[in-house]
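One structure is given here, and the rest of the page talks about it.
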Amino acid sequence: MKRRGRGVPLVPALLAGVAIAFFALPLIGLLRRVPWSNLGSTLQEPAARDAIRLSVECSLWSTFFSVLFGVPLAYVLARGKFPGRSFVRALVILPMVLPPVVGGAALLFAFQRNNGLVGGLIYDLFDFQFTFSKWGVVLAETFVAMPFLVITVEAGLRSVDRRYEDAAASLGAGRWTVFRRVTVPMIAPALIAGAALAWARALGEFGATITFAGNIQGRTQTTPLAVYNLLETQQPVAITLSLVLLAISIVILVSLRDHWFGGLRDRESA
Amino acid sequence: MTLHADVGVRLGRLDLSVALDAADGETVAVLGPNGAGKSTLLRSLAGLVPLDEGSITVDDTLMDDPAAGTFVVPERRGVGVVFQDYLLFPHLSVLENVAFGLRSRGVARTEARRRAQEWLARVGLADRAGAKPRLLSGGQQQRVALARALVTEPRLVLLDEPLAALDVGTRTELRRDLRTLLATFGGARVLVTHELLDAVALADRLVVLEDGRVAQTGAVHEVTTRPRSRYVADLVGVNLLRGVAHGHEITLDGGGTVVTADPVAGDVYVAIQPSSVSLHRARPEGSPRNVWSGRVRGVDLLGDRIRIHVDGVVPIVAEVTAGAVGDLGLHDGVDVWATVKATDVSVYAI
């Protein structure tokens, strides 16, 4: 009886069990140390409040800029026919695989006030510098987050049946109307998923931010940076902040489960 | 003349070169097999595929003429299109779908909705205005697509396989409804289909398209009774032969002769209805008529009728009753004699 059916053999089952434990143990470890009784007061600590406020603000700006520039970029990649398109796509995807610290260093060499590729020019023209400012955080977060939006939206655009756009044109809709009233609604699921992914990535950004924008409480110290900083000195605060990030991650995971796992589930039930 | 088109498009392996005219109040059906270029022809009229050569004029407005450097974009053509699969916008309600064209042309929201609602009432779907298109049946979707195209009062309406997405059961009824609705639209209509029945039911005139070229054009009756290509002959289910006539006798290109009642001369088509062909196991004697020997090479059931393919010097299809099949023992490989009266042979010049 044991060998019948289509169950999983013993050895892979055991190895899989180890892997599951590997993912579960850190979570349990974190949750065990959460100061549940005084969560509210730990979140009232100035460092925690500043970090959460800055994180929310910067990640939302970063999501906004990712959508503002990322959707047109995805459109160009999906619809445009130009030489070097695959090169441009590789360039856009690079921040997804590039170590964030390297990304931060690269941003520094482009945007820092002294010797930056364009940073000096920006400073001369606008008397403004990205480094060590909130906008530096936004820049670093957008650099690592926008690729997620671009890739997701491009895939969405490619899966749109373009005959719907033809139908809209035949009904008298100009290109902008077609885009606004037909294309965007039809890619809405991809757009929402892409924006959520970009937001999550921006919220968790550490390496590029600390390298490029610095680690100044109230100005550039976002929640992940605060967690890292406070782990030695104010562990309960660090753990509580970690819990906040974990909760947000779970919310995003649950709300996107259909987008990510819908395909898998279909195959399973088929 | 509402539509005057001389369409030359090269797209991949398709080389399309078609002249097409349609008058106000006339429905022209473009009939042809898959890949003949029907949809490309329609898309070029709608402005979705630019011409490589030729010109398209609608109501004296030049829409496309590469030689003159004129090209009017689809949204400015005023051409209504009912697409294959209807392509109703899935994210908009039925009412918003119908109002879309008016809204795109700058009609105010309330006015657009009012006129859309009016059209929905006209196609009998006033009560489904708030529904999403996917909740409608295929026939209802077709009517919404028609309302969406006609509410903008186009100068020309194009229909791409308007009945292909429907199941056989509802087709007959919807074909009739579609004909009635189209009759209310005063402009020219061009319909693309690969179904002879749709073309016959909806169109005044047929244009048969094969391999990007017009194979035959004419009134529906003319085309179906005097087919000029194998494709049309197969569609209407008639035997089509070619030969050279001299008097009452026609020497067929493939060998053998046909006797006809009226004398003719020159290169001709010979059309014989399968129901005019009789089959016999022994060589029949008697009155002067066409007698050919052959061997049964296929038996098809078509409703209550049976079609027998006879292979011989003169290959021919006969339509017989189930009783005859049993009495004569007609099955594959049986040797038979086929006879056709001279008066049942239709002959016309190539």
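The numbers here are math on the coordinates, done by the rules we state, and not lab data. Quick caveat, the model's predicted, so the values are computed rather than measured. Neighbour counts are summed over all protein chains in view; Cβ atoms, including those assigned to glycine, are modelled from backbone coordinates with ideal geometry.
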Checklist entry - What percent does the relative contact order of chain B come to when contacts are Cα pairs within less than 8 Å and at least six residues apart? => result 16 percent
Next on the checklist: Using the Cα centre of the protein assembly as shown as origin and beta-carbon charges of +1 (Lys, Arg) and -1 (Asp, Glu), tell me which of A:82, B:329, A:239 is placed farthest towards the positive end of the dipole.
Outcome noted: A:239
Checklist entry - Relative contact order, percent, of region B:1-55 when contacts are C-alpha pairs under 8 Å separated by at least 6 residues? => result 41 percent
Checklist entry - Which value, to two decimals, describes the C-alpha radius of gyration of region B:164-282 once divided by 2.2 N^0.38 Å? => result 1.34
Checklist entry - Tell me, what ³J(HN,Hα) does each residue in region B:305-317 have, in order and in whole Hz, if you take phi through Karplus 6.51 cos²θ - 1.76 cosθ + 1.60 with θ = phi - 60° and put x for Gly and Pro? => result 9, 10, 9, 10, 8, 10, 9, x, 4, 10, x, 8, 10
Checklist entry - Assuming a viscosity of 1.306 mPa s and a temperature of 10 °C, what translational diffusion coefficient in µm² per second does Stokes-Einstein assign to region B:119-162, Rh being the Kirkwood radius over Cα pairs? => result 144 µm²/s
Checklist entry - Dipole size in debye (nearest 20) for region B:18-72 around its Cα centre, Lys and Arg Cβ +1, Asp and Glu Cβ -1? => result 340 debye
Next on the checklist: I'm checking a number: the convex hull volume of the Cα atoms of chain A, normalised per residue, in Å³. What is it?
Outcome noted: 209 Å³
Item to check | Rg ratio (alpha-carbon, reference 2.2 N^0.38 Å) - chain B | outcome: 1.20
Next on the checklist: How much length would be gained if the chain were fully extended between residue A:27 and residue A:235, taking 0.36 nm per residue of separation minus their Cα-Cα distance, in nm to one decimal?
Outcome noted: 73.3 nm
Checklist outcome for this item: At q = 0.17, 0.18 Å⁻¹, the log10 of I(q)/I(0) for region B:83-177 from a Debye sum over equal Cα scatterers comes to -0.69, -0.77
Checklist entry - Which Cα, out of B:218, B:260, B:278, lies furthest along the positive dipole direction of region B:199-292 (beta carbon charges, K/R +1, D/E -1)? => result B:278
Checklist outcome for this item: dims of region A:6-123, Cα set, principal axes, largest to smallest, nearest Å -> 55, 52, 27
Checklist entry - Over the protein assembly as shown, what number does the Rg to Rh ratio reach, with both radii from the alpha-carbon atoms and Rh per Kirkwood? => result 1.16
Next on the checklist: Under a Cβ-only charge scheme (Lys and Arg +1, Asp and Glu -1), can you give me the dipole magnitude of region A:1-114 about the Cα centre, in debye to the nearest 20?
Outcome noted: 800 debye
Next on the checklist: If each residue of separation counts as 0.36 nm, what is the full-extension length gain between residue B:118 and residue B:24 once their alpha-carbon separation is subtracted?
Outcome noted: 31.5 nm
Item to check | Hydrodynamic radius by Kirkwood, which averages 1/r over all alpha carbon pairs of region A:162-231, in angstrom | outcome: 15.2 Å
Next on the checklist: So for region B:35-113, averaging the separation of alpha carbon pairs under 8 Å that are six or more residues apart and normalising by length, what relative contact order in percent results?
Outcome noted: 18 percent
Checklist entry - Computed from the mean reciprocal separation of all distinct C-alpha pairs, what Kirkwood hydrodynamic radius does region B:15-121 have, in Å? => result 16.0 Å
Next on the checklist: Treating only the Cβ of Lys, Arg, Asp and Glu as charged (+1, +1, -1, -1), what charge dipole size does region B:115-226 show about its Cα centre? Round to the nearest 20 debye.
Outcome noted: 360 debye
